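Everything below concerns the one structure shown next.
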Amino acid sequence: MTLPPLYPVGLRLAGVPCLVVGGGTVAGRKVAGLLDAKAAVTLVAPDPSRATALLGPSGPPRPPASLTVERRPYRPGEAA
């Protein structure tokens, strides 16, 4: 089955609440991209260490208030 082509979309996310679930490297890349777009990011994962390692001192400076890390499992329905 061939998938239809994707349509690129540009979003202004400054100050928009965004939820990322997971603590791995993919989640870390998503968080970094959202923070670069000035989104208000919440990362939810029981062990977010791999994701947050990508946001270490070698990365660009980010305002600490733009990222909230909650060390716990995802709760069904919280993305709504």
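Once you charge only the Cβ atoms, +1 for Lys and Arg and -1 for Asp and Glu, what is the size of the charge dipole of the chain about its Cα centre, to the nearest 20 debye?
Using Cβ point charges on Lys, Arg, Asp and Glu, the chain gives about 60 debye.
Say a site is exposed when it is one of the trypsin sites (Lys or Arg not before Pro), sits in a DSSP loop, and has at most 14 other Cβ atoms within 10 Å; what is then the longest site-free stretch of the chain? Intermediate values should be presented prior to the final figure.
Working: sites that count: ARG12, ARG71.
That gives 13-70 as the longest site-free run.
Could you state the accessible area per residue of the chain in Å², with a 1.4 Å probe and every protein chain left in place?
Details: 5830 Å² over 80 residues.
In whole numbers, the chain has 73 Å² accessible per residue.
Carbon and sulfur: what percent of the chain's accessible surface (1.4 Å probe)? Please list the in-between numbers first.
Values: 3650 of 5830 Å².
Answer for the chain: carbon and sulfur cover 63 percent of the accessible area.
PRE reach from ARG71 (point 7 Å along Cα→Cβ): which of region 33-55 fall under 18 Å by backbone N?
Within reach of a label on ARG71: 42-55.
The values are calculated or read from the model by the stated rules, or taken from the named source; none is laboratory data. Quick caveat: nothing in here was measured; it's all calculated off a predicted structure. Using ideal geometry, Cβ is built from the backbone for each residue, glycine included, and neighbour counts are taken over all protein chains shown. Each accessible area value is taken on the protein alone, full model and side chains, heavy atoms only, with ligands, DNA and RNA left out. Shrake-Rupley method; radii C 1.70, N 1.55, O 1.52, S 1.80 Å.
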